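The values are calculated or read from the model by the stated rules, or taken from the named source; none is laboratory data. Predicted, not measured: the structure shown is a model, and the values here were computed from it. As a convention, Cβ positions derive from the backbone with ideal geometry for all residues, glycine included, and neighbour counts pool all protein chains shown. Quick note on the areas: whole protein, heavy atoms, side chains included, nothing else; ligands and nucleic acids left out. Shrake-Rupley method; radii C 1.70, N 1.55, O 1.52, S 1.80 Å.
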Amino acid sequence: MRGCVLTGVWGAGKTTVYQRILARLLSADCQSMVAVPQAATITTHTYTSGDHDSHIARILSWLHELTGFLEQVDRRFHASTLPDHRFAPQWAPTAVLECLAFDLPVYRLPIDRDELLDHEQRLADLGLHLIALQVPETRIQEQCVESTRQHRSPKWARYLEGFGDTDPLRAEYICHAQRRLMSWVSTSPLPCTVIDTTDRGWDGYATQAAKIILT
């Protein structure tokens, strides 16, 4: 298998890069793809009815089942004649996953880091790569607070208000979230590329990610 887990804080550009990665892989004639956006990872299981413990249990169960599914796809591909087929580069299983467990430190969900290391090691064993979009802290207020307020829905603007009473406080909140995230990234068994988003070159970031996946 080949692919990536794309992560970053709110406003880092994940969705923009995620969509462009998929477009580049399709242009490269990848025909066997598993694509899972952020909304299907943590959001689905956190903002539903039930108590906190049940949310945590659902998240861990979902991550385990997704990883098991990817492993099964990989095993079946290698057990077949497809790896030796002339169309193997097009048919090789390719996964593009957004955030997964790397949302946990951002949202401060109390799951111990050690509980996720096995999950990440299994993804690494499959051949996936971690790509982290990092916003310079001096640009977090502009990019993650002011710009996202302008370009996202009013619902997001109301959600953003929960980060603090002023934009500088909201930016500080996101700075701390990014530091927690990058701490997780630095301890992950997944091979990792950190992309600085200073120039907001989304097309270039997607091209870089697609190249990592395909090679």
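Helix content alone sets the calculated 222 nm mean residue ellipticity of the chain: runs of n ≥ 4 DSSP H residues at -39500 (n - 2.57) each, divided across all residues, give -16000 deg cm²/dmol. In this structure, residue 79 and residue 15 have a Cβ-Cβ separation that, at R0 = 45 Å, corresponds to a calculated FRET efficiency of about 0.80. In this simple spin-label model, placing a label point 7 Å from the Cα along the Cα-to-Cβ direction at both residue 72 and residue 112 gives a separation of 2.9 nm.
For region 26-109, with all protein chains in place and a probe radius of 1.4 Å, 55% of the accessible heavy-atom surface sits on carbon or sulfur. Between residue 58 and residue 40, the contour length at 0.36 nm per residue exceeds the alpha carbon distance by 5.3 nm. Between residue 161 and residue 180, the simple spin-label model (points 7 angstrom out along Cα→Cβ) gives 2.3 nm.
Given Cα pairs under 8 Å that are at least 6 residues apart, what percent is the relative contact order of the chain? Computed value for the chain: 37 percent relative contact order. Report, as a whole number in µm² per second, the diffusion coefficient that Stokes-Einstein gives for region 92-215 at 10 °C and 1.306 mPa s using the Kirkwood radius over alpha carbon pairs. Using the Kirkwood radius from Cα pairs, D works out to 99 µm²/s. Sorting 52-63, 6-17 by average packing, meaning the other beta carbons within 10 Å per residue, from highest down gives 6-17, 52-63. Accessible surface computed residue by residue for region 69-214, with neighbouring protein chains in place and a 1.4 Å probe, gives 50 Å² per residue.
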